[in-house]
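These notes are about the structure you will find just below.
The values are calculated or read from the model by the stated rules, or taken from the named source; none is laboratory data. Note that the structure is predicted; figures quoted are calculated from it, not measured. Every residue, glycine as well, gets a Cβ built from its backbone with ideal geometry; the counts of neighbours run over all protein chains shown. For the accessible areas, the whole protein counts, side chains as well, though only heavy atoms, and no ligand, DNA or RNA atoms are used. Shrake-Rupley method; radii C 1.70, N 1.55, O 1.52, S 1.80 Å.
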Amino acid sequence: MSLLPFLKAEPINAKFAVQLLSSFHEPAAIFLRNGDLQFANPEWRISLKDGNFGDIFEQSAPKDVLYRLQKSMRKNKAITEKTDDFVMQISPLGNDVLVRCLALDTPPKKEITEEKPKELITPNIEVKDIEIEKIAEVPRISSANLNDLIKGAPLGLARLSKRDIKDAQIIGTNPAFERISGLKSGANIKDIIDEKDFEAFSKLKIGNQAPIDLIMKNNPQTICEGWLLEDGEKGSALLLIDISDRREMEGRLNQANKMEVIGKIAADMAHELNNILSIILLNTDVLLMRHTVGDPSYQELQNVRNTSLRGASLVHTLLAFSRKQTIRREVLDIGAVLSDFEFLLNQVLDERIKLDIRHGRDLPPVLADKQQLETVFMNLITNARDAVLTHNPNGGNVSVKTEIATKDDIIAALKDERLVDIPDCKYCQISVKDNGTGMSEEVAKNIFEPFFTTKDSGKGTGIGMASVYGIVKQSGGYITIDTAVGKGTSFSVFLPATTEIAEIAAPVAAPNDPPKRAKNLSGQGKILLVEDEDRLREITALLLRQRGYDVTEAGDGEEALEILTERPNSFDLLISDVVMPIMDGPTMLREAKDFLTETNIIFMSGYAEQDFGKVLEADMNISFLPKPFELTQLAEKVKSVLAG
């Protein structure tokens with residue numbers, strides 16, 4: 001049966017993807033046709049970065065080669081091209097594409113056809129001729145040499161008295177076997193595993209086509225592949241291959257792919273919910289203008305509005321978890337950020353809890369989104385508060401400490417996660433410590449999992465710590481936990497230092513001064529509104545027209561580009577959604593830049609890929625209106641942007 005028709009009919013699932021990618025020794029990954037990375041094997045994670053295909057290879061692939069690779073990816077066609085570092089091989093995989101980075105000396109690969117589906121996972125490697133004279137140079141292996149090889153081999157080998165593994169006794173071992181299993185000659189071989197695993201162990205037979213995974217009883221952290229070999233007429237030999245590191249890497253890959261899938265689902269949900277919430281809020285604002293204070297419907301309308309805002313807060317948390325928030329990073333002094341935020345933190349904490357903040361000296365500046373960092377601090381502090389009061393209703397202590405850290409400090413804090421690739425630079429460490437209940441090892445292991453919570457039903461969403469993890473990772477940092485039951489918990493956030501220089505901030509109003517709002521939200525100007533959600537576009541255009549603006553509507557990026565081509569430089573303001581089908585907002589802006597020389601830009605979105613964050617950082621003159629938004633936020637943003 002051909003594999004390709006099956007792949008075309010069914011979406012690629014995570015289990016199949018992991019199995020497929022694990023079969024390759026070179027870097028390999030599965031991409032969507034738009035270039036977004038879906039899954040990758042450990043070799044890819046080590047050698048290359050995540051992200052969009054174009055961003056990953058823009059430095060190493062010539063422009064013409066990259067263009068052909070991306071074109072074949074979009075059209076779902078097989079292609080092989082040579083870059084500076086690899087032979088790039090793209091193969092159709094259902095609606096997705098398989099990308100393999102082969103060594104530069106790899107022979108050209110034949111095109112994949114439905115008649116030869118095996119070539120999808122088997123490279124066509126040319127076998128070179130072997131000179132017979134070189135074989136003669138290899139010395140014959142004597143019995144003594146063979147014994148030395150077995151003794152020094154990293155594989156565990158034990159000779160057994162019988163072929164029936166259930167009743168066999170060990171009659172000889174090499175050093176590696178004793179180190180791996182903890183057993184010596186004379187022991188019963190069944191003592192190598194726990195009783196609960198005996199049924200699987202008893203299936204070991206001579207001639208098995210596949211090994212059986214065995215967890216060592218004396219060293220539960222060690223997982224081995226077990227093979228039973230023939231040894232003489234009545235005996236047998238057990239071969240153990242330690243695969244603990246491989247299983248750990250597979251577990252990490254499975255976890256990473258699981259988080260990617262959950263994050264994508266959460267981000268897509270957030271995108272749709274933000275559009276729905278924007279429609280509800282704007283229509284509620286219209287009704288509130290008709291039903292003012294004292295009207296019988298006023299309170300019910302306020303309840304609708306407040307509930308929608310609560311929903312918006314939950315969506316914000318979902319985006320933080322999925323690492324799809326639109327971020328505007330700036331150079332920050334962590335000490336100053338914490339000092340500004342200290343008043344609010346004290347408001348959140350119970351009066352029974354003492355908050356102690358200690359700032360380290362000469363802290364390096366970091367490049368991050370201030371609002372996101374405040375979300376991190378708020379989540380960590382509120383979790384510490386709940387842990388303290390659960391442990392002791394009379395109160396306790398929560399401390400926040402900042403200091404300089406290094407790569408070695410992160411490695412020490414990560415404990416059993418030392419395989420991560422950590423840049424060697426200075427870091428700013430923020431630690432939040434409490435003397436609360438603490439956590440068991442199992443709870444701590446799952447604390448950053450989405451929808452995992454230790455709180456009672458109805459008291460926690462289970463995405464607070466997952467969102468903290470997402471924000472820290474999106475900022476290029478690391479987060480660690482140190483805890484024990486009854487001894488409290490300490491979370492440490494490590495953010496990489498930046499060499500960029502902070503811009504001089506404009507004077508801000510005193511904390512006691514309320515923010516000034518424009519009294520008159522009406523205005524004049526020609527606006528092009530681009531939004532693919534019809535109901536949101538209609539209510540937004542209606543409200544802007546009611547305030548005096550001349551609004552032209554476009555349902556997607558391509559329609560907007562046609563309008564701009566016909567009427568170049570005729571709009572005072574472009575308001576565009578970011579994520580749209582066919583042509584998104586940033587792409588439309590690049591294509592239409594010659595028609596917008598005098599036009600102000602506002603992007604609006606509740607969900608945006610990292611590429612859009614780069615657009616905002618590259619051009620600080622582009623304004624951003626986060627979804628969901630209310631009438632006042634929309635009108636104020638439009639008026640302020642047009643006023644310059």
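Could you order Ser47, Ser399 so the one with the most accessible surface comes first? Probe is 1.4 Å.
Numbers: Ser47 75, Ser399 40 Å².
Result, largest first: Ser47, Ser399.
Rounded to whole Hz and in sequence order, give me ³J(HN,Hα) for the range 68-77 from the Karplus expression 6.51 cos²θ - 1.76 cosθ + 1.60, θ = phi - 60°, writing x for Gly and Pro.
5, 5, 5, 5, 5, 5, 5, 8, 6, 10
Is there a pair in Lys49/Lys445; Lys217/Lys407; Lys473/Lys637; Lys593/Lys639; Lys217/Lys487; Lys190/Lys445 whose C-alpha atoms are over 24 Å apart, and which pairs would that be?
Lys49/Lys445; Lys217/Lys407; Lys473/Lys637; Lys217/Lys487; Lys190/Lys445
Heavy atoms only, 1.4 Å probe, whole protein assembly: order Tyr67, Tyr478 by accessible area, highest first. Could the numbers behind the result be given before it?
Numbers: Tyr67 125, Tyr478 25 Å².
Descending accessible area places them as Tyr67, Tyr478.
Going by amide H atoms built from the backbone, whose H comes under 5 Å of the H on Gly360, apart from near neighbours?
Thr402, Glu403
Phe16 accessible area, nearest 10 Å², 1.4 Å probe?
50 Å²
Evaluate E = 1/(1 + (r/R0)^6) for Met289 and Arg310, where r is the Cβ-Cβ distance and R0 equals 25 Å; express this FRET efficiency to the nearest 0.05. Don't skip to the answer; put the middle values down first.
Working: r = 22 Å, r/R0 = 0.89.
In this case the efficiency is close to 0.65.
Taking 0.36 nm per residue of sequence separation and subtracting the Cα-Cα distance, how much length would be gained by fully extending the chain between Thr632 and Lys354, in nm to one decimal? Please report the intermediate quantities before stating the final value.
Values: separation 278, 0.36 × 278 = 100.08 nm, distance 3.88 nm.
Gain on extension, Thr632 to Lys354, equals 96.2 nm.
Which FRET efficiency value, to the nearest 0.05, is calculated for Glu272 and Glu195 with the Förster distance at 41 angstrom and r the Cβ-Cβ distance?
Values: r = 51 Å, r/R0 = 1.25.
The pair Glu272/Glu195 has a calculated efficiency of 0.20.
Step through the table entries Lys75/Lys627; Lys205/Lys415; Lys162/Lys184, compare each Cα-Cα distance with 27 Å, and write down the pairs that go over it. Before the final figure, lay out the partial values.
Values: Lys75/Lys627 33 Å; Lys205/Lys415 39 Å; Lys162/Lys184 16 Å.
Long pairs (Cα-Cα over 27 Å): Lys75/Lys627; Lys205/Lys415.
When a/c reaches 1.5 or more, the comparison of a/b and b/c decides; with that in mind, is the range 326-366 rounded, prolate or oblate per its Cα gyration tensor?
Values: a/c = 3.88, a/b = 1.59, b/c = 2.44.
Oblate, because a/c is 1.5 or more while a/b does not exceed b/c.
Suppose accessible area is computed on protein heavy atoms with a 1.4 Å probe; arrange Arg45, Arg358 from highest to lowest. Intermediate values should be presented prior to the final figure.
Values: Arg45 70, Arg358 155 Å².
Per-residue accessible area, sorted high to low, gives Arg358, Arg45.
What's the ranking of 340-350, 293-303 by average number of surrounding C-beta atoms within 10 Å, highest first? Don't jump to the answer; show the numbers that get you there.
Values: 340-350: 13.8, 293-303: 11.5.
Peptide ranking by packing, descending: 340-350, 293-303.
Take the alpha carbon gyration tensor of the range 524-581, find the square roots of its eigenvalues, order them as a ≥ b ≥ c, and report rounded if a/c is under 1.5; if not, report prolate when a/b exceeds b/c, else oblate. The partial results should precede the final answer.
On the way: a/c = 2.28, a/b = 1.07, b/c = 2.13.
Note, shape of the range 524-581 comes out oblate.
How would you rank 439-445, 377-383, highest first, on the average number of other Cβ atoms within 10 Å across their residues? Display every interim value, and only then the final one.
On the way: 439-445: 13.1, 377-383: 20.6.
Highest-to-lowest ranking by the protection proxy: 377-383, 439-445.
Would you mind checking the range 388-415 for residues with the amide N under 18 Å from a putative spin-label position 7 Å along Cα→C-beta of Asp362?
The answer is 402-409.
Hey, any idea what % of the range 340-413's accessible area is carbon plus sulfur with a 1.4 Å probe? Could the numbers behind the result be given before it?
Numbers: 1740 of 3980 Å².
After summing per-atom areas, the C and S share lands at 44 percent.
As an exercise, use a Förster radius of 45 Å and the Cβ-Cβ distance of Ser22 and Thr552 to find the FRET efficiency, rounded to the nearest 0.05. Don't jump to the answer; show the numbers that get you there.
Values: r = 53 Å, r/R0 = 1.17.
Result of the calculation: an efficiency of 0.30.
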